[in-house]
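Before any comments, here is the structure.
The values are calculated or read from the model by the stated rules, or taken from the named source; none is laboratory data. Remember, predicted model here, so these are calculated numbers, not experimental data. Counting neighbours? That spans all protein chains shown, and the Cβs are built from the backbone with ideal geometry, glycine included.
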Amino acid sequence: MRWFLKNLTPHPITIGGVTLPVDGPAPRLSVSRQPLGEVAGVPIVRATMGDVVGLPAEQRAVILIVSAMVAEAAPDRWDLAYPGEAIRDSDGRVIGAVGLCAGPGLASRPLSPCASCGAVGGMLDGAGCTVRGCSY
Ligand SMILES: [Zn+2]
């Protein structure tokens, strides 16, 4: 199985030295804002996150990289992940991510050793091997 990562965040992402360009519009959470008043002349609202908007349908062998908030808000989706721990340069600028964080749906799928390439955790239940270059 050949797996694809689609970057549906607003920015290119560098993981393992490979930069993934933006692959489409970023899904987001709808927000409702309730005005509370003003503090020192600045308006203050209470923002409440609602449903996920703009998330494409699941596709076989495709993991969508989305924002952490979107991934966490869609626990029924097995195909969502978000950028992992940030890698920073000496000035503190983010220059990449160590890997990906699984959303709750992806994290709940059993991962087992691949029968073909032997990678530990390579098999995603019912969806084939996730290891780059393995065709199982
Ligand atoms: Zn494999």
**Report entry** Number of the exception - ALA115 against (1) surrounded by 15 or more Cβ atoms within 10 Å (Cβ to Cβ); (2) within 16 Å of the ligand (Cβ to nearest atom)
**Finding:** (1)
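Being surrounded by 16 or more Cβ atoms within 10 Å (Cβ to Cβ) and either touching a Leu at 6+ places or on another chain (Cβ under 7 Å) or β-branched (Val, Ile, Thr) (or both) is the filter here; which residues of the range 21-43 pass it? It would help to see each step written out before you state the result.
Initial filter on the range 21-43 (surrounded by 16 or more Cβ atoms within 10 Å (Cβ to Cβ)): 23, 26-29.
Matches in the range 21-43: ASP23, ALA26, PRO27.
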Query raised in the report: How many residues does the range 88-136 contain that are touching a residue at least 60 places away in the same chain (Cβ under 8 Å), part of a strand (DSSP E or B) and farther than 16 Å from VAL62 by Cβ?
Result: 3
Query raised in the report: Failed condition for ASP79, given (1) within 15 Å of TRP3 (Cα to Cα); (2) out of contact with any helix residue (DSSP H, G or I) (no Cβ under 9 Å at 6 or more places or on another chain); (3) of a type in the set (D, E, K, R), with all others met?
Result: (2)
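Would you check if VAL62 is more than 16 Å from the ligand (Cβ to nearest atom), out of contact with any helix residue (DSSP H, G or I) (no Cβ under 8 Å at 6 or more places or on another chain), closer than 23 Å to THR19 by Cβ and modelled with pLDDT under 90?
Working: more than 16 Å from the ligand (Cβ to nearest atom): yes; out of contact with any helix residue (DSSP H, G or I) (no Cβ under 8 Å at 6 or more places or on another chain): yes; closer than 23 Å to THR19 by Cβ: yes; modelled with pLDDT under 90: yes.
For VAL62, the condition - more than 16 Å from the ligand (Cβ to nearest atom), out of contact with any helix residue (DSSP H, G or I) (no Cβ under 8 Å at 6 or more places or on another chain), closer than 23 Å to THR19 by Cβ and modelled with pLDDT under 90 - is met.
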Requested in this report: Please work out which residue is nearest to ALA57 (Cα to Cα), limiting yourself to the range 20-38 and to residues that are in contact (Cβ under 8 Å) with a residue 12 or more places away in the chain and part of a strand (DSSP E or B).
Outcome: ARG28
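Return a yes/no flag: does the range 29-39 have any residue that is among the small types (Gly, Ala, Ser) and in contact with an Asp or Glu (Cβ under 7 Å, 6 or more places away or on another chain).
First, the residues of the range 29-39 that are among the small types (Gly, Ala, Ser): 30, 32, 37.
Applying the additional criterion that residues be in contact with an Asp or Glu (Cβ under 7 Å, 6 or more places away or on another chain) yields 30.
Within the range 29-39 (the criterion being among the small types (Gly, Ala, Ser) and in contact with an Asp or Glu (Cβ under 7 Å, 6 or more places away or on another chain)), the answer is yes, since at least one residue qualifies.
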